[in-house]
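Please read the structure below before turning to the comments.
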Amino acid sequence: MGFEYFVAKKYLRSKQKTTFVKLSLITYISTIGVMIGVAALIIALSVANGFEHEVRSRIIGFDAHVKLRTYHDRGISDYERVVQRMDSLKSVVGAGPYLSGKGMIASGAGGKEFVKIKAIDPERESKVTNLINNVIYGSLDLGMIKPKEDDKSDREYPGILIGKWLADRLQASVGDRVQVLSAAGIDLGAFSSLPRMRTYRVAGWFETGLYEYDDIYAFISIEEGQKLFEMPGKVTGIQIKLDDLEKATEFSARLNDQLGYPYWSITWFDLNKNLFSWMELEKIMIFLVLSLIILVAAFNIVGTLIMVVMEKRRDIGILKSMGAMASSVMKIFVYQGLFAGLIGAALGLVLGYVFGWSQMKYEWLSIPGDVYIVSALPMRMESIDFVMIATAAVLLCFSATVYPAYKASKLDPIEAIRDQ
């Protein structure tokens, strides 16, 4: 390595009792600024990644990787054969039929809510989603449910699984009777129909941690769904779980080509595209906003180097009179700025990593579990973030050195020495 590196290093370590001591202090402040900016970026993006991972895992746990449906929602009549065919495909872990629709649910306590109703096969559902693991009270038994001891009626009704928030608003506990009205009504002739109503007993509550699901979804059996939605012998579609969710888009396209009309498929990502696009945009905005901290530190480096050039005019003149090229003088100040950037970036990476690692291991920073989907601040550190942030910090610091280094390289050696 050339002499430029050693001169730059000497300037950083200078202990002369001059104004350069103040310059060194500014350099340290600039380095700390870079460190804080890098650490803040690492922590903020790791938190964003953590929340995205939590939301993603809950959505995937609640829904299938791929859904197979028919155009115009005519339903699938030979769904058992289709399910068997899906099960036989490579990379498919499990498949199961489902029906979906909208309706209104009412409880004996007087609560009435609009709901999204999904009819499932509980046995097959466990192979496709993690719904059974989200049951927090009662069970996933959607068969005939016996009445509670204090119930005046001794009649058994089919079971229904409802979300925790929905249960709270309905004031409905396990064993309580609820009535469900479906938009698929009984035809009374021209221009009129009567909503179809079925009675159920609450089999249990589920909680995913996502309010959009826990507040509006209810599950019943396939047989009950066919009665409620007037689809005898049919289902809305087939839900499919793959061995790798990242294969969903490729698998869906291949499925569309193989099956053709009237079938079409959609992936979990397509169903939640707006949500994940918003999360990606949020991370970009976090990166841009917090990069301003590093940018401010870079401007400090510009100011520091300009003052160093003014302080070291005589040294620069002597170096150039001894034969140092303009490019060599420029390198000295570029190295000096890069030292501050590299040291600050390295310290920031370490600080951000230590914070993230300690939070993941000990969860010492808690957040309200009833407001957010988790009770501790989620962290998910990704190597690509470390590389991008470190690269951006070093490039900003390098850019900050160009102007003062260029000015130093253009100094006239005779005038620089004579001025001193």
Q.
Take the residues in the range 353-402 that are of a type in the set (Gly, Ala, Ser) and within 17 Å of VAL34 (Cβ to Cβ); name whichever of them is surrounded by the fewest Cβ atoms within 10 Å (Cβ to Cβ).
A. SER399
Q) Based on what the data block shows, is VAL289 within 30 Å of ALA44 (Cα to Cα), surrounded by fewer than 22 Cβ atoms within 10 Å (Cβ to Cβ) and in contact (Cβ under 8 Å) with a residue 40 or more places away in the chain? A) no
Q: Say whether the condition of being in a loop (DSSP other than H, G, I, E, B), closer than 20 Å to VAL235 by Cα, of a type in the set (Ser, Thr, Tyr) and out of contact with any helix residue (DSSP H, G or I) (no Cβ under 6 Å at 6 or more places or on another chain) is met by at least one residue in the range 68-83.
A: yes
Q.
Here is a check on your reading of the model: is GLY96 surrounded by 21 or more Cβ atoms within 10 Å (Cβ to Cβ), at pLDDT 90 or above and in contact with a Leu (Cβ under 7 Å, 6 or more places away or on another chain)?
A. no
Q: Please specify each residue of the range 335-351 satisfying the condition of being modelled with pLDDT of 90 or more, crowded, with 24+ Cβ neighbours inside 10 Å and hydrophobic (A, V, I, L, M, F, W, C).
A: ALA345
Q) Residues of the range 45-89 being over 25 Å from GLY163 (Cα atoms), buried (at least 18 other Cβ atoms within 10 Å of the Cβ) and small (Gly, Ala, Ser), which ones? A) SER46, ALA48, GLY75
Q: Scan the range 248-270 residue by residue and report those that are buried (at least 17 other Cβ atoms within 10 Å of the Cβ) and under 14 Å from MET86 (Cβ atoms).
A: ALA248, PHE251, SER252, LEU255, TYR263, SER265
Q. When you look at ARG124, is it within 23 Å of GLU207 (Cα to Cα) and not in a strand (DSSP E or B), yes or no?
A. yes
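The values are calculated or read from the model by the stated rules, or taken from the named source; none is laboratory data. Here the structure is a predicted model, which is why all the values come from computation and not from measurement. For neighbour counting, all protein chains shown are included, and Cβ atoms are generated from backbone atoms with ideal geometry for every residue, glycine included.
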